[in-house]
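**Student:** Below are the structure tokens for one structure; questions will follow.
The values are calculated or read from the model by the stated rules, or taken from the named source; none is laboratory data. Here the structure is a predicted model, which means the values were calculated and not measured. A quick note on method: Cβ atoms are made from the backbone with ideal geometry, for glycine too, and the neighbour counts reach across all protein chains shown.
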């Protein structure tokens, strides 16, 4: 379950880094070098944390927490700013999508803020090694579903693909900036490749674990 959740957090961060890279290219083409520098730094930070998280490197946990909190604050700023300033870029659709993305940033912050060693030490031993033994009721059924999803190739793939709707605001922002459908679709394609890469890395890790 720890590999499952951290792999998904890594997928989310890497898809965001793909958007930040596209933003850097846009700023460079627009001769906005300050914006390009900021986007480059953000791209490096997100891709570095996402890559190490995908590699199950626990030392990056605090950096992931910081990035998740900063991302959450950025999404909050996008949602709140139109109430005080007239910003044509941030209309109601982008605000709604930003709320969705803030949910994933909040989940990422909770994941990075938790003690991974403590989570990894929780036994899952009962009922054929799938259902957590001491838990009962709705919580147990939810955890059982998550554990089964983590082991099922199809359900796990759906969970990884479920990252895409949460980053839809990145497509909208890039489209508003470039006024190019091709650029937005190119970003979606790159993000799908990132999701696929992270999913196969997760399956590779899972396949290496003894039954």
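**Student:** Mind listing whichever residues of segment 174-211 are at pLDDT below 90, closer than 16 Å to residue 4 by Cβ and surrounded by fewer than 20 Cβ atoms within 10 Å (Cβ to Cβ)?
**Tutor:** Of everything in segment 174-211, those that are at pLDDT below 90, closer than 16 Å to residue 4 by Cβ and surrounded by fewer than 20 Cβ atoms within 10 Å (Cβ to Cβ) turn out to be 201, 203, 204, 205, 206, 207, 208, 209.
**Student:** Residue 147 - would you say it is assigned to a helix (DSSP H, G or I), modelled with pLDDT under 90 and touching a helix residue (DSSP H, G or I) at 6+ places or on another chain (Cβ under 8 Å)?
**Tutor:** Values: assigned to a helix (DSSP H, G or I): yes; modelled with pLDDT under 90: yes; touching a helix residue (DSSP H, G or I) at 6+ places or on another chain (Cβ under 8 Å): yes.
Yes, satisfied.
**Student:** Then there is this: Residue 52 is checked against (1) modelled with pLDDT under 80; (2) surrounded by 12 or more Cβ atoms within 10 Å (Cβ to Cβ) and fails just one. What number does that condition carry?
**Tutor:** The one condition residue 52 does not meet is (1).
**Student:** Here is a further query. Just checking, how many residues over segment 152-170 are touching a residue at least 60 places away in the same chain (Cβ under 8 Å) and either surrounded by fewer than 19 Cβ atoms within 10 Å (Cβ to Cβ) or closer than 23 Å to residue 26 by Cβ (or both)?
**Tutor:** Result for segment 152-170: 8.
**Student:** Which of (1) modelled with pLDDT of 70 or more; (2) part of a loop (DSSP other than H, G, I, E, B) is the odd one out, the single condition residue 132 does not satisfy?
**Tutor:** Unmet for residue 132, out of (1) modelled with pLDDT of 70 or more; (2) part of a loop (DSSP other than H, G, I, E, B): (1).
**Student:** Consider only pairs whose beta carbons are under 6 Å apart and that are at least six residues apart or on different chains; among these, list those whose first residue lies in segment 12-28 and is under 20 Å from residue 108 (Cβ atoms) and whose second residue is not in a helix (DSSP H, G or I).
**Tutor:** Hits for this filter: 15/167.
**Student:** So residue 37 passes all but one of these: (1) closer than 24 Å to residue 182 by Cβ; (2) without any contact (Cβ under 8 Å) to a residue 40 or more places away in the chain; (3) assigned to a helix (DSSP H, G or I). Which condition number does it fail?
**Tutor:** The one condition residue 37 does not meet is (1).
Table: residues versus (1) under 20 Å from the mean Cα position of the chain (by Cα); (2) exposed (fewer than 12 other Cβ atoms within 10 Å of the Cβ); (3) at pLDDT 85 or above.
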| residue | (1), (2), (3) |
| --- | --- |
| 79 | yes, no, no |
| 96 | yes, no, no |
| 115 | yes, yes, no |
| 172 | yes, no, yes |
